[in-house]
Every structure is written in C-alpha cells, then in structure tokens.
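Below you'll find the structure, written out as structure tokens, and then a few comments.
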Amino acid sequence: MLFRALVFCGYAFLLAPGVFVFAIAFSSDRFLTFPPPGLSLRWFVALWQHEGLMGAMQRSAILASVVTLLALAIGVPAAYAIARLRFPGREAVFSALTAPLLLPTLVLGLGILLVFFPFGLAATWPGLAIAHLAVTLPFVVRIMATALATLPADLEDAAATLGAPPLTVVRRVTLPLALPGLIASGALTFLISFDEVVISLFIAGPRLSTLPVAMYRYVEGNTDPLVAALAVVLIVFSLAIVLLVERLLGFMRAVGR
C-alpha cells in the first residue's frame, strides 16, 4: 500500500501542471488566470485561425517526418552492425553514436551552432534537419540495438543456409521481427524532433521558425490562453501516438525488452 501511495503521489506531482494547462486552455478570459472565470472553446478556434502558429506546426511536422526517415535510414543499419557484427571498436562506435544523450541540450545546441556557422548551415532547413538528427539518432540506435540483440540469430542463419542473400535475410526475416522496435523508435524520433525547442532556438533564424520556437516567441509578448490551447493539442497528439504504439505492440515489447 505504501509503495502504491508513493507511486500515486509521484504521478500526481508529474501530471499536476497538465491539469492547470487544460483548465486555462478552456478559459473564457482574455488573460492567463486560474481558476478560469468561465469555460469556452474560443482559444481553440483562435488557434485554428492563427496563421503563424499553424504554419509553424506544418513546418515542424514536415521537418520531423524528414528527420525520422533520416534517423531510421542511418540508425537501423548502424544498430544492426552493433548488435549482430563483431569488429574492433564496436563499443567505441556505439558510445560515439549515443554520446549526445549524455550532453545537456543547451551545450549541444551551442556546439552545433559554432560548427554550423562557418559552413552557412545556421538558419537553414538542412542545418535544422542535421541538428535534429544529432539529437534523435542516438534514440534510434539504442532502441534498435536492443531490439535486434533480443532476436534469435538462428532464424537468420536458417534463411541464409537456404540460399537467401544477406539483403533478403534482412528484408524478409530481420526487419519483420524487429518491426515493434522500428515503429517505437520512429514514433519517438518524430515526437522528439517535433517538440525540440532548445537546439531549434540556436539554429532557427528570424524567418525560419518551428512550432516550439514560434510558441516561445509568442509567449514573450502575449499573455492570453492561446498557447495553453496549443499545449493541450500537443499533449493529446503525443499521448495518442504513445497509446497507439502501446495498443498495437506493447511499449516494453516495442523497445526490445
């Protein structure tokens, strides 16, 4: 009972800010006030009609989709080599690919900006995509390396002894078995890229804005509940993706437990 009570208190502490955000998002007032004087959907309608935030949301969705495809295209072969092959420096390669997970995002963003600026990649879409890739690729490598390490190698060996070429073995045997991890890493990569704000603030310029950057700039000069309504939309969207992965695959199975 004590353990359950502690768990409940922990969840309550983590989710309490969301309750305030939801309440303010449905407020009828023109300012951020709690408790709200009345309930209304006016800020969701205003959000739909706000061209700046809607345009930034579309750009973030496109950017996150491109980053997800790039992260999977690079991370899955790298994870396969780490999980299946034995070569000198394998641990060093894995440590190098996952090193960004150990760095504070602020330090990583500043370092990326210093590297990008001489090459003219700052405030450009390619630079922003590469910066997001540096943050998301470690998650793909770690999840897929764990998922591939749990797969029985006997099935791949059996397919190879029956005459299947290596690429056919990967396409017809390995990837279908690793599909839960592939979907989980893709969903997580999309969400991380879509929500990334610190690195985007370093790389994005005044005419290049993702949704988190647009939200940050909006709250600098506005005190209405519009951002709270947008936060509710993002929370529901992220929760829907997580629940979909859990419903279809099971989260622990998806990450390769």
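Any read-out appearing in this document is the output of simple, stated calculations on the displayed coordinates, not a laboratory observation. Note that the structure is predicted; figures quoted are calculated from it, not measured. Every residue, glycine among them, receives a Cβ derived from its backbone with ideal geometry; neighbour counts consider all protein chains shown.
Give me, ordered by chain and number, the residues 5 or more places off residue 27 or on other chains with an amide H under 5 Å from its own placed amide H.
The answer is 40.
Cα centroid distance between segment 14-68 and segment 197-234, in Å?
So the separation of the two Cα centres works out to 11 Å.
Gaussian network model of the chain, Cα springs within a sub-10 Å range: biggest mean-square fluctuation belongs to which of 221, 111, 186?
Among 221, 111, 186, the largest GNM mean-square fluctuation belongs to 221.
Fewest to most neighbouring Cβ within 10 Å: what's the order for 34, 26, 3, 8? Don't skip to the end; give the middle numbers.
Numbers: 34 13, 26 18, 3 7, 8 10.
Listed from fewest to most nearby Cβ atoms, that is 3, 8, 34, 26.
What is the angle, in °, between the Cα long axis of helix 226-248 and the longest principal axis of the Cα atoms in the chain? Nearest 10 is fine, range 0 to 90.
Tilt of helix 226-248: around 30 degrees.
Under the rule of -39500 (n - 2.57) per DSSP H run of 4 or more residues, summed and divided by the residues of the chain, what mean residue ellipticity at 222 nm is obtained, to the nearest 500 deg cm²/dmol?
On the way: 13 runs with 186 residues, N = 257.
Roughly -23500 deg cm²/dmol at 222 nm, from the helical runs in the chain.
Could you please rank 27, 238, placing first whichever residue has the fewest other Cβ atoms within 10 Å of its Cβ? Before the final figure, lay out the partial values.
Details: 27 23, 238 15.
The order, fewest Cβ neighbours first, is 238, 27.
Tell me the Kirkwood hydrodynamic radius of segment 1-152 in angstroms, computed as one over the mean inverse distance between distinct C-alpha pairs.
This gives a value of 19.7 Å.
What Kirkwood hydrodynamic radius do you get for the chain when you take the inverse of the mean 1/r over all pairs of distinct Cα atoms, in Å?
Values: mean 1/r = 0.0482 Å⁻¹.
Computed over Cα pairs of the chain, the Kirkwood hydrodynamic radius comes out at 20.8 Å.
Go through segment 115-120 residue by residue and turn each phi into a ³J(HN,Hα) via Karplus (6.51, -1.76, 1.60, θ = phi - 60°); whole Hz please, and just put x for glycine and proline.
6, 6, 4, x, 8, x
As an exercise, identify the trypsin sites (Lys or Arg not before Pro) in segment 79-124 lying in DSSP coil whose Cβ has no more than 12 other Cβ atoms within 10 Å. Intermediate results must be reported in sequence, preceding the final value.
Working: sites: 84, 86, 90; in loops: 86.
Passing sites in segment 79-124 are 86.
How high is the relative contact order of the chain, in percent, with contacts defined as C-alpha pairs under 8 Å that are six or more residues apart?
Numbers: 296 pairs, mean separation 78.2, N = 257.
Dividing the mean separation by the residue count of the chain yields 30 percent.
With the cut-off at 1.5 for a/c, could you classify segment 135-208 from its C-alpha gyration tensor as rounded, prolate or oblate? Walk me through the intermediate numbers first.
Numbers: a/c = 4.18, a/b = 3.06, b/c = 1.37.
The shape class here is prolate.
Rounded to two decimals, what is Rg over Rh for segment 64-134 when you use alpha-carbon atoms and the Kirkwood radius? Don't skip to the end; give the middle numbers.
Details: Rg = 14.0 Å, Rh = 13.7 Å.
Here Rg/Rh amounts to 1.03.
How large is the translational diffusion coefficient of segment 77-215 in µm² per second when you combine the Kirkwood radius over alpha carbon pairs with Stokes-Einstein at 10 °C and 1.306 mPa s? Please report the intermediate quantities before stating the final value.
On the way: Rh = 16.9 Å.
The Stokes-Einstein estimate is 94 µm²/s.
For each of 2, 39, 230, 121, count neighbouring Cβ atoms within 10 Å of the residue's Cβ, then give the residues from fewest to most.
Exposure proxy ranking, most exposed first: 2, 39, 121, 230.
By how many degrees, 0 to 90 and rounded to 10, does the Cα axis of helix 211-221 deviate from the longest principal axis of the chain?
Approximately 20 degrees, to the nearest ten.
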